[in-house]
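> Here it is, the structure, as structure tokens.
Every read-out reported here was derived from the displayed coordinates using simple, explicitly stated rules and does not represent laboratory data. Please read all numbers here as calculations on a predicted model, not as lab measurements. FYI the Cβ positions are ideal-geometry reconstructions off the backbone, even for glycines, and counts take in every protein chain you see.
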Amino acid sequence: MQQFVASTTLPVSAETAFAYHERQGALERLIPPWQSVEVVSSDKSLKPGSVVVLKVSIGPASKTWVAEHVDYQRPDFFADTQRSGPFAAWNHRHEFLSSSDQRCVLRDRVEYELPMGTIGRLFGSDLARRQLESMFAYRHRVTLDDLRLASKYNRDPMTIAVSGATGLVGSRLVSLLRLLGHRVLRLERTAEKADGEDSLAPWSREEDAQRLNGIDAVIHLAGKSIASARWTEKIKQEIRDSRVDLTTELANKLATLETPPKVFVCASATGLYGDRGNEELTEASKPGNDFLASVAQQWEAACQPAASSGIRVCNARFGIVLDPRGGALQKMLLPAKLCGGHLGDGHQWWSWIALDDVVGAIYHLICDERVTGPVNFVAPEPMTNRDFAKTLGHVISRPALVPAPAFGLKLAMGEMADALLLASTKAVPKKLQATGYHFRFERAEEALRYCLGIDRLESND
């Protein structure tokens, strides 16, 4: 059997770290974003006899991985073993070694055997070791950052409603909130989708809207994707309606509640600023005058009924969210692997933010009562598109050689190319920094290495 051991010191007690791993959503939160892994079933327990079934894609093929928990001693350790799956054998022990009331060591011990015996060990050992190093570097980093966040704000359990809970940002946010000990209510557009005790349809059922009485926060992320189809007048109207009309209706319902939520966080976008060249853009900067700018202004204005009723309203102006499972980075990866380079002349500024900083900053807005109004959700160091393409190429070990000409992008995408790819928006996170949000990733290279699995932990055999 081969062995792998990885350790990280956490700024919380062993009890707190163990509880984080035991809560609903821990498994999904700890699956690295570059791995194609689907949770098929789980009984949401770490105790002996509980079973998790995963679907793991390896190239064009897929493999079912069945793992059973076999040992459990709270808060010291739990263990699982592979019953069937891609390894010949796999035994994993998660240990929490207490060093004080406020510190512990997370240690993962894995004993494994590759398939095909000596041949598998000869040709697969180095690859398997690299994959384990990358996977546990990710798992330990996200655990450390999440628990630092929880320790900083130290909030009692809250009830938080989230719309768009299955989207790229929403699914990640829901997992984080649950892991930090909070209850999450999913807000659905229709009653048919609100199929559980913790899912509501406030737009279509008045009794569901009334269930928002007394909750702590509402996070509104729902809206039609702006990049799912070429912009026709019909698509543009759907983009506007899905944001402005739904937000107006939700804000009005929140305003009429007897005990409204303390804070309403509504998504917005740095597209509000339009194409602004080299101008540095803070939350106080004037809006632009193109389609996206118009939609974003109306979107933020739709929150006014909630603000007028005394609810603290925050408009999260998202920049380019980096994660390989969706958004701009997902679309850029294949061209980058084929040595693709910058878009247009590459001089346009891109204001980016790591996905984990998006959910971390939303949590900051929930917890910090000083924050109100528009908030730029961008990293402190914007980059030109040319520099971003070079950085991505460097991270994945490909030269950024072949630019995509502006005329070709416009021919393929029409108006959307100008707004999403060629516009220059140099936004900075003035409010987040002024109110003490600690960014997990300030540099794009570090963020890309983290979410693409380039970083590795040293093992201790």
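> In whole Hz and in residue order, list the ³J(HN,Hα) couplings for region 351-365 that follow from phi through the Karplus curve 6.51 cos²θ - 1.76 cosθ + 1.60, θ = phi - 60°; x for Gly and Pro.
Calculated HN-Hα couplings, in order: 9, 10, 7, 5, 4, 5, 6, 4, 6, x, 6, 4, 4, 4, 5 Hz.
> OK, next. What full-extension length gain, to one decimal in nm, is calculated for Ser225 and Leu333 as 0.36 nm per residue of separation minus the Cα-Cα distance?
Values: separation 108, 0.36 × 108 = 38.88 nm, distance 1.94 nm.
Stretched fully, the Ser225-Leu333 segment lengthens by 36.9 nm.
> I would also like to ask the following. Could you work out how far helix 117-153 tilts from the main Cα principal axis of the chain, as a 0 to 90 degree angle to the nearest 10?
50
> Two decimals is fine: what is log10 I(q)/I(0) at q = 0.21, 0.24, 0.25 Å⁻¹ for region 49-148, from a Debye sum with one equal scatterer on every Cα and no solvent?
The Debye formula, applied to the Cα set alone, gives -1.28, -1.43, -1.46.
> In deg cm²/dmol, rounded to 500, what helix-only [θ] at 222 nm does the chain give when every DSSP H run of at least 4 residues adds -39500 (n - 2.57) and the total is split over its residues? Intermediate values should be presented prior to the final figure.
On the way: 14 runs with 164 residues, N = 461.
Using -39500 (n - 2.57) per qualifying helix, the result is -11000 deg cm²/dmol.
> A further question on this structure: Obtain the nm distance between the two label points defined at Gln131 and Asn252 by a simple spin-label model: each point lies 7 Å from its Cα along the Cα-to-C-beta direction.
In this crude spin-label approximation the distance works out to 5.3 nm.
> Can you give the angle from 0 to 90° between the axis of helix 233-255 and the longest principal axis of the chain, with both taken from C-alpha atoms, to the nearest 10?
90
> Right, here's the next one. Once you keep just the Cα pairs under 8 angstrom separated by 6 or more residues, what percentage relative contact order results for the chain?
Values: 953 pairs, mean separation 68.1, N = 461.
Here the relative contact order equals 15 percent.
> In region 285-332, which trypsin sites (Lys or Arg not before Pro) fall in coil by DSSP and have 16 or fewer other Cβ atoms within 10 Å? Walk me through the numbers before you get to the answer.
Working: sites: Arg312, Arg317, Arg325, Lys331; in loops: Arg325.
The qualifying sites are Arg325.
> May I ask you to list the residues of region 294-333 whose amide nitrogen lies under 14 Å from a point 7 Å from Cα along the Cα→beta-carbon direction of Glu38?
Those under the cut-off are none; the list is empty.
> Continuing with this model, one more query. Which value in Å does the Kirkwood hydrodynamic radius of region 169-265 take, with 1/r averaged over all unlike C-alpha pairs and then inverted? Don't skip to the answer; put the middle values down first.
Numbers: mean 1/r = 0.0684 Å⁻¹.
Result for region 169-265 stands at 14.6 Å.
> Taking Rh as the Kirkwood radius computed over C-alpha pairs, what is the Stokes-Einstein D of the chain at 4 °C in a medium of viscosity 1.567 mPa s, expressed in µm² per second? Intermediate results must be reported in sequence, preceding the final value.
Working: Rh = 23.6 Å.
In µm²/s, the coefficient rounds to 55.
> Using a/c under 1.5 as the rounded threshold, could you call region 135-181 rounded, prolate or oblate? The axes a ≥ b ≥ c are square roots of the C-alpha gyration tensor eigenvalues, and prolate needs a/b larger than b/c, oblate otherwise.
Working: a/c = 3.06, a/b = 1.16, b/c = 2.63.
It comes out oblate by the Cα gyration axes.
> To the nearest 10 degrees, how steep is helix 327-337 against the longest Cα principal axis of the chain, on a 0 to 90 scale?
60
> Can you give the longest run of the chain that contains no GluC sites (Glu not before Pro) sitting in a DSSP loop with at most 10 other Cβ atoms inside 10 Å? Walk me through the numbers on the way to the answer.
On the way: sites that count: Glu192, Glu197, Glu258, Glu458.
Counting at most 10 other Cβ atoms within 10 Å as exposed, the longest clean stretch of the chain is 259-457.
> Between region 250-307 and region 118-171, how far is it from one alpha carbon centroid to the other, in angstrom?
31
> Using modelled backbone amide H atoms (1.01 Å from N, in-plane), which distant-in-sequence or interchain residues come within less than 5 Å of Leu281's amide H?
The answer is Lys426, Ala427, Val428.
> Then there is this: Please list, by residue number, every one of the trypsin sites (Lys or Arg not before Pro) in region 24-57 that is coil in DSSP and has at most 15 other beta-carbon atoms within 10 Å.
Lys44
> Let me ask you something else. With respect to the cross-link table entries Lys152/Lys390; Lys390/Lys410; Lys55/Lys430; Lys337/Lys410, which display a Cα-Cα separation exceeding 31 Å?
Details: Lys152/Lys390 35 Å; Lys390/Lys410 22 Å; Lys55/Lys430 42 Å; Lys337/Lys410 22 Å.
Too far apart for the 31 Å limit: Lys152/Lys390; Lys55/Lys430.
> Collect residues whose amide H, placed 1.01 Å from N in the peptide plane, falls under 5 Å from the amide H of Gly164; neighbours closer than 5 in sequence don't count.
For Gly164, whose amide H was placed from the backbone, the distant partners under 5 Å are Leu187, Leu221, Ala222.
> Relative contact order of region 259-307: what whole-number percent is it, with Cα pairs under 8 angstrom and at least 6 residues apart?
Values: 35 pairs, mean separation 19.7, N = 49.
So the answer I get is 40 percent.
> Scan around Phe377 for amide H atoms under 5 Å from its own, H built in the peptide plane at 1.01 Å from N, and keep only partners 5 or more places away or cross-chain.
Here the answer is Arg317, Phe318, Gly319, since their amide H atoms fall under 5 Å of that of Phe377.
> Also, I was wondering about something else. With Cβ to Cβ distances under 12 Å as the rule, what net charge do the other residues near Lys224 carry (K, R +1; D, E -1)?
Working: positive: Arg189, Lys234, Lys236, Arg240, Arg243; negative: Glu238, Asp241, Asp245.
So the environment of Lys224 carries a net charge of +2.
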